[in-house]
Protein chains: 2
Amino acid sequence: MTTTVSSRRQHTRDRLIDAATGLFAEKSIEGASVEEISERAGFTRGAFYSNFDSKEELCLEIVRQRGEQLLETTRRALAVIPDSPVNAQWLEEIIAKVITVLDVGFTFDDNWVLVRQELRLYAFRNPTFRPALIEVEQDANNLASEALAAALARHGASLRIPLDQLMVTLDAFCERTRVDSILNGDSDAGHSWRDGLERIVRALVVLPADEDRASAEPV
Amino acid sequence: MTTTVSSRRQHTRDRLIDAATGLFAEKSIEGASVEEISERAGFTRGAFYSNFDSKEELCLEIVRQRGEQLLETTRRALAVIPDSPVNAQWLEEIIAKVITVLDVGFTFDDNWVLVRQELRLYAFRNPTFRPALIEVEQDANNLASEALAAALARHGASLRIPLDQLMVTLDAFCERTRVDSILNGDSDAGHSWRDGLERIVRALVVLPADEDRASAEPV
DNA sequence: TGTATCCGATACGGCAACGTATCCGATACA
DNA sequence: TGTATCGGATACGTTGCCGTATCGGATACA
């Protein structure tokens, strides 16, 4: 059987990917050499080139893996919403879900916040890589926004801005806040970005009970 | 007189800085070699090292220049607000100012949107460079948010989220929208991000006439 | 017009990363 | 246990970039 062999290969691929992710955060994608990546993973360049054609292909693999994790996490977090009873705390629940998705799914850990930005810039200058990144982010975004739209509709709530913009705003705010806190050396232990995120959601969602005609423009 | 000589020097410094900015956008900071920068500027490495100790110092100079432009633009755009009459269109005027500041000042052109992100990441891994970038962004942000706060107070308006968060949100949304449109190849000719920005501001500002007690929480 | 200075070009040695070709030990399987 | 394959290590030549030391032409100024 090739099982054992194949799993060995997968193991070294994983270690290379982990090492690369860490180094991309520390030194940027262009700044991390193939040699360094291999070394940190505990291999030589020979192993690297035996597993990937180039650094670009490794980036593709990273994005693929993250994409799967992202969809998986999002699905799991949102699957609960349709089943939840229509009660007074539904907004709190939705906010909690949004936070979960943004935390675990989009931004994950400190490394990933940085690597995600690196990958975005990398995609800009790399025509081959670009569509892969765009697709992954689109898919995740679509899944999340559809679920959110459904939840809102179910409770008769509306938004003060279009749903698409809300998604972008939440994601961008969250990412930026985390990058700033990393930059300023705040360990962000309290996850301060969550408070801001919650406030934004509360400010932009119009509850049906509000009778808030003056400024509420259903979208 | 050293006038002629000194101005020649300034000229080559400017050309080096321009070349570097372009290359940073195209190939990332780490990806752009000193050789390439010098060459694009029409010089050799000799000229580069005669003007800057290192790539890092050049980055510092870029940030300094941008910082000045940023403050200057912000001041000019906001100076008009205190003089404007208290009329019905004041919100439109403020929105226009915000757009001006974010457009010209923060994000500027496509290159700068990308370079700004590069610099943020560069600052993260460069202890010497970090405080410089933080200070510039802080100063500009403070200036803008104080002016905005004053304008709002003057008209008795309040916000649905804290002012600090609003600033971050607007900036992050704007930047992200522009990066996405660059990534997707939209030339962004219509400056679509402006519409979104305007909607967010309208959604988060509570006009005094609204009597919008239900969801308005003055900050 | 001569001389000092300024400033970018040239020349040099050295290093780090690249990608490939080859090797060799371990595992799979008959 | 013998043999083929697999997967990572080693070895090699090449290239690009680095930072410095030195040079030479142009400008300033007396």
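Okay, here's what the table says:
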item	result
Förster-model FRET efficiency, 41 Å R0, B:ASP18 and A:GLN89, C-beta, rounded to 0.05	0.15
Separation of the B:SER33 and B:GLN138 label points, Cα + 7 Å toward Cβ, nm	3.8 nm
Long-range tail of P(r) for the protein assembly as shown (Cα pairs > 40 Å, %)	25 percent
The range B:7-86 and the range A:32-61: distance between their alpha carbon centers, rounded to Å	34 Å
Mean Kyte hydropathy of 0.0 or more with a Cα span along the axis of at least 27 Å, helices from DSSP in chain B	B:130-154, B:163-183
Net lengthening on full extension, A:ARG154/A:HIS191 (0.36 nm per residue, minus Cα-Cα)	10.3 nm
Shielding by other protein chains, B:165-173, mean Cβ within 10 Å	6
Two-site FRET efficiency, B:GLN69 against A:ALA96, from Cβ-Cβ distance with R₀ of 45 Å, rounded to 0.05	0.60
Interchain or long-range residues, amide H under 5 Å from A:LEU159's placed H	A:VAL206, A:VAL219
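Rule-based calculations on the coordinates, nothing more; no lab input. Treat the numbers as computed from the prediction; the structure is a model and nothing was measured. Heads up, the Cβs are rebuilt from the backbone with ideal geometry, glycines too, and the neighbour counts pull from every protein chain shown.
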